[in-house]
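This report concerns only the one structure given below.
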Amino acid sequence: MRFTILSASLFLLFTMASCGSRNASAVSDVLTTEMYTPEYAGGFRILGDSAHESVIIESVNPWQGADSIVRRLFIERGGEKAPADFDGQVISGNARRIVTMSSTQIAMLDAIGATGRVCGVSGIDYIYNPAIQSRRDSIADVGFEGAVDYERLTGAGPDLVMLYGVNGPNPMESKLRELGIPYIYIGDYLEESPLGKAEWVVVLAEITGQRRKGESVFIGIPQRYNALKARVDSTVGEAPSVMLNMPYGDSWFMPSTDNYTVRLITDAGGDYIYKKNSGNASRPIDLEEAYMLTSSADMWINTGTATTLAQVKAACPKFTDTRCYRNAQVYNNNLRTTKAGGNDYYESGIMHPDLILRDLITIFHPGILPADSLVYYRRLQ
């Protein structure tokens with residue numbers, strides 16, 4: 001009798017374990033329905049199933065040059081478990097403690113009211129967000145890529161680390177796997193569409209268990225953006241030619257005609273002056289070509305760290321005889337900065353492409369919109 005009971009118990013345990021394994025595999029296998037279909041972004045998918053609470057977030061080609069590469073995050077919900085052989089990262093429940101390695105991730109969390117979940121950041125002195133700065137003594141500054149303080153990162157107790165990739169896998173991947181800390185790639189910076197960048201807010205909303213809120217936050221952004229663009233399309237005649245950037249060493253980098261900034265310029269009724277680059281990366285030109293382009297431009301924007309015309313003159317003495325410099329048609333996107341030099345244009349601007357567009361319309365075509373103060377741009381004096 002004793003043997004029979006023991007045998008039955010072992011059989012039951014084996015059966016339960018087998019069912020658990022099959023159920024876990026089944027959950028992963030059926031999470032194939034797009035729970036949200038991005039309209040503008042191309043770098044993410046949120047997969048689920050109406051019968052399950054868990055989801056899988058896929059980051060598609062999450063760094064420059066990536067081809068058919070996917071990084072996956074399984075969010076376990078409702079008692080469901082990821083299978084043991086799941087080929088990605090796994091978190092149990094919604095992320096409540098998050099380390100962000102990019103300030104744009106903070107802007108997206110702020111948009112859904114979730115900055116309170118940030119327990120660690122990269123370079124807190126460069127972050128503009130007031131909610132983060134008000135808690136800076138309780139937020140771990142884990143350092144920058146290549147010099148990450150993993151002891152501090154681990155001490156912050158994150159459920160999830162939000163990474164980004166540049167020209168390959170983030171070097172933090174292997175160490176985070178060793179530490180058993182889940183991570184996800186947030187590829188907003190790879191999106192060329194201003195609206196595609198902002199749409200990543202839905203991913204962060206999903207991670208924090210608020211996808212519907214993320215959708216409701218995002219839906220108004222293209223409405224406002226496209227209304228402004230339509231205003232320009234129906235009103236503007238001639239587009240002013242626009243020069244970009246400042247020298248970096250002996251070169252001057254000019255973005256592609258498909259670049260995020262160039263799309264904003266075009267949608268604001270401007271004409272990007274450099275048409276030679278239609279690739280997927282910025283192209284260096286020499287200072288002489290940059291001078292010729294600037295001489296032909298009506299406007300010159302995004303002038304590095306300069307806040308005055310005198311600073312532009314110090315960096316580019318020869319350029320003071322260009323028409324846009326003489327007419328003080330030089331603008332920079334650094335109106336909102338931290339003492340250390342962090343620029344809110346590259347932070348909260350990701351969630352407000354409509355405000356950036358409004359600034360540029362005001363600069364390129366004064367009088368089309370009601371007189372408003374610039375939000376991210378300043379006119380150099």
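The values are calculated or read from the model by the stated rules, or taken from the named source; none is laboratory data. Small disclaimer: the values here were computed from a predicted structure and weren't measured. Every residue, glycine as well, gets a Cβ built from its backbone with ideal geometry; the counts of neighbours run over all protein chains shown. Surface areas here come from the heavy atoms of the whole protein model, side chains and all, with no ligands, DNA or RNA. Shrake-Rupley method; radii C 1.70, N 1.55, O 1.52, S 1.80 Å.
Of the residues ASN302, ASN343, ASN327, ASN334, the single one that is at positive phi and modelled with pLDDT of 95 or more is ASN302. Residue check: is TYR128 touching a helix residue (DSSP H, G or I) at 6+ places or on another chain (Cβ under 8 Å) and hydroxyl-bearing (Ser, Thr, Tyr)? Yes: the conditions hold for TYR128. Residues of the stretch 289-305 include at least one that is closer than 27 Å to VAL201 by Cβ and not polar (S, T, N, Q).
Can you find a residue in the stretch 192-208 that is in contact with a Gly (Cβ under 6 Å, 6 or more places away or on another chain) and open to solvent by 20 Å² or more (accessible area, probe 1.4 Å)? Steps first, please.
Taking the stretch 192-208 as the starting set, the residues that turn out to be in contact with a Gly (Cβ under 6 Å, 6 or more places away or on another chain) are 201-202, 205.
Within this subset, residues satisfying the condition of being open to solvent by 20 Å² or more (accessible area, probe 1.4 Å) are none.
Looking through the stretch 192-208, none of the residues is in contact with a Gly (Cβ under 6 Å, 6 or more places away or on another chain) and open to solvent by 20 Å² or more (accessible area, probe 1.4 Å).
Scanning the stretch 55-101 for residues that are surrounded by fewer than 23 Cβ atoms within 10 Å (Cβ to Cβ), of a type in the set (S, T, N, Q) and out of contact with any Ser or Thr (no Cβ under 7 Å at 6 or more places or on another chain) returns ASN61, GLN64, SER68, GLN89, SER92. Picking from residues in the stretch 209-218 that are among the charged types (D, E, K, R) and over 18 Å from GLU76 (Cβ atoms), the one that is surrounded by the fewest Cβ atoms within 10 Å (Cβ to Cβ) is ARG212. The set of residues from the stretch 300-324 being touching a residue at least 60 places away in the same chain (Cβ under 8 Å) and assigned to a loop (DSSP other than H, G, I, E, B) comprises THR303, ALA306, THR307, THR308, CYS316. Candidates are the residues of the stretch 336-378 that are under 20 Å from the mean Cα position of the chain (by Cα) and among the aliphatic types (A, V, I, L, M); the one that is farthest from THR303 (Cα to Cα) is MET351. Those helices (runs of 4 or more DSSP H) of the stretch 156-230 in which 3 or more residues are within 15 Å of the chain's Cα centre (by Cα) and of a type outside the set (D, E, K, R) occupy 194-198, 201-207. The set of residues from the stretch 231-257 being open to solvent by less than 20 Å² (accessible area, probe 1.4 Å) and not in a helix (DSSP H, G or I) comprises PRO240, SER241, VAL242, MET243, LEU244, TRP252, MET254, PRO255, SER256.
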